[in-house]
1. How many nm separate the modelled label positions at Glu85 and Phe105, each set 7 Å beyond the Cα in the direction of the Cβ?
2. With +1 on each Lys and Arg Cβ and -1 on each Asp and Glu Cβ, and nothing else charged, work out how big the dipole of the chain is about its Cα centre, in Debye to the nearest 20.
3. Nearest 0.05, what FRET efficiency do Asn139 and Arg64 give at R0 = 41 Å with Cβ-Cβ as r?
4. Order the peptides 180-192, 299-311 from the highest to the lowest mean number of other Cβ atoms within 10 Å of their residues.
5. If all Cα-Cα distances of the chain are sorted into 20 Å bins from 0 onward, what percent lands in each bin, rounded to whole numbers?
6. Using 0.36 nm times the number of residues separating Leu98 and Glu57, minus their current alpha carbon distance, what extension gain do you get?
7. Debye calculation, C-alpha points only, no solvent: report log10 I(q)/I(0) for the range 77-152 at q = 0.13, 0.18, 0.22, 0.25 Å⁻¹, in the same order as the q values.
8. Just the number: Rg to Rh for the range 253-362, Cα atoms, Kirkwood Rh, two decimals.
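Every number here is computed from the coordinates shown, using simple stated rules; none is lab data. The structure displayed is predicted, hence computed values, not measured ones. Here the Cβ positions follow ideal geometry from the backbone for every residue, glycine too, while neighbour counts run over all protein chains shown.
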Amino acid sequence: MLIAYGLISSNYYLTVTIVAVEISSSFSEFMSPMIFNIGNEATSLAINYTYADLTEENFKRGLRIVISGGLLGILLSLPLLFFAEKIYPVVYSSLKPLVGWILLFLCIYMVWIEKNLKKKSFAATIFCLSGLFGLLVKNSGLVSSDYLLLPVFIGLYGFSSILSKKHENVDLVQDITWVEKTGAAAIAFITSVFASLMPGMKRSQASALALQVGGVSKREEVMFMLPMISLAFVTLSIFALGSSGKIRSDLAYDIQEVMGELYFSQTALLTGAVAVSACVSVCLLFLLAKPMGRFFSRINKKYLKIFGFCVGVLLIINFTGIYGLILAFTATCIGILSSRLGIRSTHLMGVLLLPSIVTAIL
């Protein structure tokens, strides 16, 4: 609409607008799991850690945690701009032959750190089951690749959470200490940098590895880490594109389509757009927190879940048709099985990790 009405007259303005939309949506998209128990690829892991009792205070508290995590992710990423040109090309080319084996080792470690042999066997089963599902879906051709993950993630995390009526067995202590918050921030940022350097790795995969390998289980640690990883990954993907020409996110792909090759000055301009967009987004979310919290706290969470379920079904039908519903049903069954076995939802990320491992090694 902005282009059609002549309000965007150059590629620079268009690219800055794309960056602003991506940054603002990366902050606000975490409200969907909090309110409706559905989410996309980047936010699905947050579903089981949102507040079961959506009071006004819980909503505002959750939103403050999301904002602080996302803002910290951007602030820690910005200084890497000055080192990206020397670091990214060398590290990227060095890691590319080892990607599959590194991911395989990390996935085995994710299963190994479960508490006992029974948990380990259940976790391995869920990981392999979801991974096999991911391999079959990837090569099926039933659904357009543009929307392939839509029914998969809504089923694995959204529908399964709504239908099982169970949250993960997480520590319900609300407050986390500064030591815990610092540790969570360090894990999240290191994982984000690692993911931005790893060819083919997505931010959802980075989030699963950070939660599982870092042993994070407290509700507020998770809600702090996930947006931090998401926003840091998006910011670092711009640096990766500018320094090595590698596309590490949908945002980077859009930028390359509009701008082509990025120079340092252009990367610095987009970095400024990230910072400004983040500040504006944070201010808007703080202004919206109170009225939205007041509104949604008056609605029974059960009805919000039902609404979220209906919206999810409509989205799947609209974008993927009947085959998408079949994929969502299968994914939901796997998600419910994971919940019944008491296995952390991070192992469901096998749906992305196992295909990535197979593709990289073979």
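1. 3.2 nm
2. Rounded to the nearest 20 debye, it is 1000 debye.
3. So the FRET efficiency works out to roughly 0.45.
4. 180-192, 299-311
5. 29, 61, 9, 0
6. 10.1 nm
7. Each listed q maps to, in turn, -0.71, -0.94, -0.96, -1.03.
8. Over the Cα atoms of the range 253-362, Rg/Rh equals 1.09.
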